[in-house]
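> This is the structure, below, for whatever I ask next.
The values are calculated or read from the model by the stated rules, or taken from the named source; none is laboratory data. Here the structure is a predicted model, which is why all the values come from computation and not from measurement. Glycine also receives a Cβ, built like all others from the backbone with ideal geometry; neighbour counts cover every protein chain displayed. Surface accessibility is based on the protein's heavy atoms, side chains included, excluding ligands, DNA and RNA. Shrake-Rupley method; radii C 1.70, N 1.55, O 1.52, S 1.80 Å.
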Amino acid sequence: MKTVIPVPTIPTLAVLGTDERFPVRRIYCVGRNYADHAREMGMDPLREPPFFFGKPSDVVVPGGGVIPYPPQTSNLHYEAELVVALAKGGRDIPASEASACIYGYAVGIDLTRRDLQAKAKDNGQPWDTAKGFDHSAPISVICPVAQVGHLNVGAIWLSVNGVEKQRGDLSQMTWSVPEVIAHISSYMELAPGDLLFTGTPAGVGPIVAGDKVLCGIEGLGELAITIV
Ligand code: MN
C-alpha cells in the first residue's frame, strides 16, 4: 500500500513472559470508580452510572520511565489505576461474559491536568486537554490472565518520592471490571487491543519535575515514572 504520509506507528506494550507485544487500539477510562475518590472530588459517592472518557492510543508510555512535565498546566496529578487489556471485543457484552474478553492486566497511571479538568467541568467543556495529552498514560508490562488469573481483589497503591499517597483495594471499585466492559460495549464496539483504565482510589495529588512516582498492584508488580 502506498500512503501519502508515513503510516503512524501503532503503540505496543510489553507482555510478561514473552517477546511478543500487545498492540494498543483504543484507551477508555472510567471516571470516579472508587467512592472515596468520588468524595474527594466533591461528588456524591452514590452508585451513579459509570461514565467514560478516552485517551488517544499514542499517549501510552510503555513501561513508564522518564516523562516530561506537560505544558499548559500548573497542577499535574497522578491517578494509580488497574488497566485491563482486551483480547476480544464485541457489542453489548453481558457482564457475565466479559471476563472471557480479557487478555491481561497492567498497572497504569492516568496523568491528569487537574486545573484544566476543573476549568472544563466549570464550563461544560470536554476533558481532552486535561486527560489525553502526550505521555499521559504510562503503563507497566501486561500480565496475561493465563499467568496471573483475574483480578477483582488486591491492594493498589502509589507513592511519590517514597511517601505513600494512595492505598486502596480493587474490591472497592463501584463498578467491577466486567460491569465496566458491559457498559462501554453498550455504547461502542470493543475490539482486541483496547485498554480500559478502571479508576483510582482516594489520595490523588500534584507532582512536579524531579518527583519519582512508584505505583503497584498486588499480583501484578510495579510501575515507576520520573517527572522531568
Ligand atoms: Mn482516572
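> Within the range 24-36, identify whether any single residue is over 16 Å from the mean Cα position of the chain (by Cα) and either within 16 Å of the ligand (Cβ to nearest atom) or modelled with pLDDT under 95 (or both), and answer yes or no.
As a first pass, look at the range 24-36 and keep what is over 16 Å from the mean Cα position of the chain (by Cα): 35-36.
If we keep only those that are either within 16 Å of the ligand (Cβ to nearest atom) or modelled with pLDDT under 95 (or both) too, we end up with 35-36.
For the range 24-36, residues over 16 Å from the mean Cα position of the chain (by Cα) and either within 16 Å of the ligand (Cβ to nearest atom) or modelled with pLDDT under 95 (or both): present.
> Right, here's the next one. Would you mind stating whether His183 is more than 25 Å from Val15 (Cα to Cα) and either at pLDDT 95 or above or buried (at least 19 other Cβ atoms within 10 Å of the Cβ) (or both)?
Numbers: more than 25 Å from Val15 (Cα to Cα): yes; either at pLDDT 95 or above or buried (at least 19 other Cβ atoms within 10 Å of the Cβ) (or both): yes.
Criteria met by His183.
> So which residues in the range 116-129 are open to solvent by less than 20 Å² (accessible area, probe 1.4 Å) and of a type in the set (Phe, Trp, Tyr), if there are any at all? Spell out the reasoning first.
Residues of the range 116-129 that are open to solvent by less than 20 Å² (accessible area, probe 1.4 Å), as a first pass: 117, 120.
Answer for the range 116-129, where residues must be open to solvent by less than 20 Å² (accessible area, probe 1.4 Å) and of a type in the set (Phe, Trp, Tyr): there is none.
> Still on this structure, please answer the following. Within the range 176-194, which residues are more than 14 Å from the chain's Cα centre (by Cα) and acidic (Asp, Glu)?
Scanning the range 176-194 gives Glu179, Glu189.
> Something else: Tell me, which strands (runs of 3 or more DSSP E) wholly within the range 47-87 include 2 or more residues that are within 12 Å of the ligand (Cβ to nearest atom) and touching a residue at least 12 places away in the same chain (Cβ under 8 Å)? Step through it out loud before you land on a result.
Working: elements: 52-55, 60-62, 65-67, 76-78, 80-86.
Fully inside the range 47-87 and qualifying: 52-55, 76-78, 80-86.
> Continuing with this model, one more query. Would you call Asp128 within 16 Å of the chain's Cα centre (by Cα) and more than 21 Å from Leu214 (Cα to Cα)? If you could, list the steps in order and put the result at the bottom.
Numbers: within 16 Å of the chain's Cα centre (by Cα): yes; more than 21 Å from Leu214 (Cα to Cα): yes.
In short, yes.
> Of all strands (runs of 3 or more DSSP E) completely enclosed by the range 100-196, which ones contain at least 2 residues that are acidic (Asp, Glu), within 13 Å of the ligand (Cβ to nearest atom) and free of Cβ contacts under 8 Å to residues at least 40 places away in the same chain?
On the way: elements: 102-109, 137-139, 155-160, 163-169.
Those strands (runs of 3 or more DSSP E) do not exist here; none qualify.
> Look at Asp19 and say whether it is more than 16 Å from the ligand (Cβ to nearest atom), within 23 Å of Gly203 (Cα to Cα) and among the charged types (D, E, K, R). Explain how you work it out, then say what you get.
Numbers: more than 16 Å from the ligand (Cβ to nearest atom): yes; within 23 Å of Gly203 (Cα to Cα): no; among the charged types (D, E, K, R): yes.
Criteria not met by Asp19.
> Does Gly154 satisfy being in contact with a strand residue (DSSP E or B) (Cβ under 9 Å, 6 or more places away or on another chain) and more than 30 Å from Ala98 (Cβ to Cβ)? Before the answer, list the steps.
Working: in contact with a strand residue (DSSP E or B) (Cβ under 9 Å, 6 or more places away or on another chain): yes; more than 30 Å from Ala98 (Cβ to Cβ): no.
Taking the combined requirement at face value, the residue does not satisfy it.
> For the range 39-85, enumerate the residues that are farther than 21 Å from Tyr187 by Cα, open to solvent by less than 70 Å² (accessible area, probe 1.4 Å) and polar (S, T, N, Q). So that I can check it myself, show each step before the final result.
In the first step, residues of the range 39-85 are kept if they are farther than 21 Å from Tyr187 by Cα; the result is 39-46, 58-82.
From what's left, open to solvent by less than 70 Å² (accessible area, probe 1.4 Å): 41-42, 45, 59-65, 67-70, 73, 75-82.
Thr73, Asn75, listed by residue number.
> Of all the residues that make up the range 1-38, how many are among the aliphatic types (A, V, I, L, M) and open to solvent by less than 90 Å² (accessible area, probe 1.4 Å)? Write out each step before concluding.
From the range 1-38, those among the aliphatic types (A, V, I, L, M) are 1, 4-5, 7, 10, 13-16, 24, 27, 30, 35, 38; that's our starting set.
Then keep just the ones that are open to solvent by less than 90 Å² (accessible area, probe 1.4 Å); that gives 13-16, 24, 27, 30, 35, 38.
Final tally of qualifying residues: 9.
> Now for a different question. Could you give me the residue pairs with C-beta distances under 6 Å whose first residue belongs to the range 28-40 and is within 14 Å of Gly203 (Cα to Cα), whose second residue is assigned to a helix (DSSP H, G or I) and more than 12 Å from the ligand (Cβ to nearest atom) wherever it lies, and which are 6+ apart or on separate chains?
That search, which allows pairs on different chains as well, returns Tyr34/Gln172.
> Also: With respect to Leu214, is the statement that it is closer than 14 Å to Val107 by Cα, assigned to a loop (DSSP other than H, G, I, E, B), out of contact with any Pro (no Cβ under 9 Å at 6 or more places or on another chain) and open to solvent by 10 Å² or more (accessible area, probe 1.4 Å) true?
Values: closer than 14 Å to Val107 by Cα: yes; assigned to a loop (DSSP other than H, G, I, E, B): no; out of contact with any Pro (no Cβ under 9 Å at 6 or more places or on another chain): yes; open to solvent by 10 Å² or more (accessible area, probe 1.4 Å): yes.
In short, no.
> Residues in the range 86-115 that are open to solvent by less than 40 Å² (accessible area, probe 1.4 Å) and under 29 Å from Glu164 (Cα atoms): how many?
The qualifying residues number 11.
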